[in-house]
1. Using a probe of 1.4 angstrom, how much of the accessible area of segment 25-102 is carbon and sulfur, in percent?
2. How much length would be gained if the chain were fully extended between Trp48 and Glu24, taking 0.36 nm per residue of separation minus their Cα-Cα distance, in nm to one decimal?
3. Using a 1.4 angstrom probe and counting only protein chains, how large is the accessible area of Val10 in Å², to 10?
4. Ignoring everything except DSSP H segments at least 4 long, calculate the 222 nm mean residue ellipticity for the chain; use -39,500 (n - 2.57) per segment, divide by total residues, nearest 500.
5. If you take the Cα atoms of segment 25-102, find Rg, then find the Kirkwood Rh from the mean of 1/r over all pairs, what is Rg/Rh?
6. Between the helical axis of 51-60 and the dominant principal axis of the chain, each derived from Cα atoms, what acute angle in degrees is found, rounded to the nearest 10?
7. State the extension gain, in nm to one decimal, for the chain segment bounded by Ala3 and Asn93, taking 0.36 nm per residue of separation less the distance between their alpha-carbons.
8. Using a 1.4 Å probe on the protein heavy atoms only, what accessible surface does Phe20 show? Give it in Å² to the nearest 10.
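The values are calculated or read from the model by the stated rules, or taken from the named source; none is laboratory data. Note that the structure is predicted; figures quoted are calculated from it, not measured. The protein model used for the area step is the full one, side chains on, heavy atoms only, and it has no ligands, DNA or RNA in it. Shrake-Rupley method; radii C 1.70, N 1.55, O 1.52, S 1.80 Å.
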Amino acid sequence: SMAYRLYKLVQYVRGWMGYFGISEYYRPIPGLDQWLRRRIRMCYWKRWRKTRTKVRNLLSLGTSKRHAIFTALSSKSYWHLSKTLATQTGMTNAWLKSQGLINIRMLWMKAHGYA
């Protein structure tokens, strides 16, 4: 389930940040954070499977009807569709946080005393 997947991911990221978080090098942190959010969006998109389910879930998350339908009907790859306007406006960063996703950037900032 996605809840278990996010739980294990949070455990892994916390451990990873405990080890690598002491590094002063900030440059790759935002990129890792963006990649992780996109990967989770892709997992949700893959999990929804059917077009009708994708449209229904995107509409319930607040995406416009037109964008939801066009994105759900697209035959492009899951990775490509995880960065479309429909998935980004539906599965926002705040929504992903409410689902249990952790923010790597905030962990790094907390480890260095900025937050």
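1. Accessible surface attributable to carbon and sulfur in segment 25-102 totals 53 percent.
2. The span from Trp48 to Glu24 would gain 4.7 nm if fully extended.
3. Number for this one is 30 Å².
4. Mean residue ellipticity, 222 nm, calculated: -22000 deg cm²/dmol.
5. 1.00
6. That helix lies at roughly 60 degrees to the long axis.
7. 30.8 nm
8. Accessible surface of Phe20 is approximately 110 Å².
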